């Protein structure tokens with residue numbers, strides 16, 4: 001009896017440690033206490049018939065300086081405000097339960113799972129500097145599912161839309177949650193707590209859009 005109990009506890013501890021190798025899932029919509037920071041990310045999944053809210057994927061936010069590794073679950077048509085420790089990070093593929101990096105990105109759309117190459121545009125992003133009590137708008141993960149001919153496999157393309165317009169709309173969407181009575185009270189209160197940081201982020205994004213090119217074309 002004691003041996004069986006030991007085996008069960010050992011198995012549970014092993015699974016917990018292995019799951020930890022995949023990265024910690026950060027808290028959503030928590031107030032900016034103790035110098036915590038936030039990243040804001042959205043998702044858009046488009047079928048031949050239009051956008052769908054039914055889907056899922058995950059990315060890792062990996063400490064570039066050996067810090068924390070976070071696993072970010074992402075669902076479409078939501079602005080997700082994840083709380084993370086300040087530091088230097090980069091977006092990377094997720095890890096397996098044993099800590100090995102996944103070569104493919106798993107995307108679930110309308111209950112069906114697809115495996116696609118991890119987007120190179122994400123791997124090429126510069127290192128993110130995330131400061132205490134600040135919000136960094138990462139952009140919108142754009143997933144497009146297309147069909148060729150009947151009987152042929154579908155094509156799934158994934159990219160990160162981190163354009164100024166996409167990030168601006170993402171921040172504005174999160175700010176609007178403060179005024180939406182249908183949004184859960186916990187989420188609304190967190191958005192209000194992050195109001196100043198969100199407004200600063202929106203101002204920075206708008207300023208970025210107003211900057212001219214860094215060079216002049218030669219006539």
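The values are calculated or read from the model by the stated rules, or taken from the named source; none is laboratory data. Just so we're clear, the structure is a prediction, and the values are computed from it rather than from any experiment. Glycine also receives a Cβ, built like all others from the backbone with ideal geometry; neighbour counts cover every protein chain displayed.
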- Note on the structure: Flagged in the stretch 118-164 as farther than 30 Å from residue 33 by Cβ, out of contact with any strand residue (DSSP E or B) (no Cβ under 6 Å at 6 or more places or on another chain) and not in a helix (DSSP H, G or I), in numbering order, are 124, 147, 148, 149, 150, 151, 152, 153, 163
- Item | Among (1) in contact with a strand residue (DSSP E or B) (Cβ under 7 Å, 6 or more places away or on another chain); (2) over 22 Å from residue 63 (Cα atoms); (3) free of Cβ contacts under 8 Å to residues at least 60 places away in the same chain - the single one residue 112 does not satisfy | (1)
- Of all the residues that make up the stretch 39-55, how many are in a strand (DSSP E or B) and more than 17 Å from residue 169 (Cβ to Cβ)? 4
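With 173, 177 as the choices, which residue is touching a helix residue (DSSP H, G or I) at 6+ places or on another chain (Cβ under 7 Å) and in contact (Cβ under 8 Å) with a residue 60 or more places away in the chain?
Exactly one of 173, 177 is touching a helix residue (DSSP H, G or I) at 6+ places or on another chain (Cβ under 7 Å) and in contact (Cβ under 8 Å) with a residue 60 or more places away in the chain, namely 177.
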- Query: Among 95, 72, 57, 80, which is the only one that is in contact (Cβ under 8 Å) with a residue 60 or more places away in the chain, surrounded by 18 or more Cβ atoms within 10 Å (Cβ to Cβ) and under 19 Å from residue 26 (Cβ atoms)?
  - Reply: 57
- Task: Residue by residue through the stretch 122-146, note down the ones that are loosely packed, with under 14 Cβ neighbours inside 10 Å and either without any contact (Cβ under 8 Å) to a residue 40 or more places away in the chain or within 20 Å of residue 76 (Cα to Cα) (or both).
- Result: 123, 124, 126, 146
- Query: Here is a list of conditions, (1) at pLDDT 90 or above; (2) out of contact with any helix residue (DSSP H, G or I) (no Cβ under 7 Å at 6 or more places or on another chain), and residue 81 meets all of them except one; can you say which number that is?
  - Reply: (2)
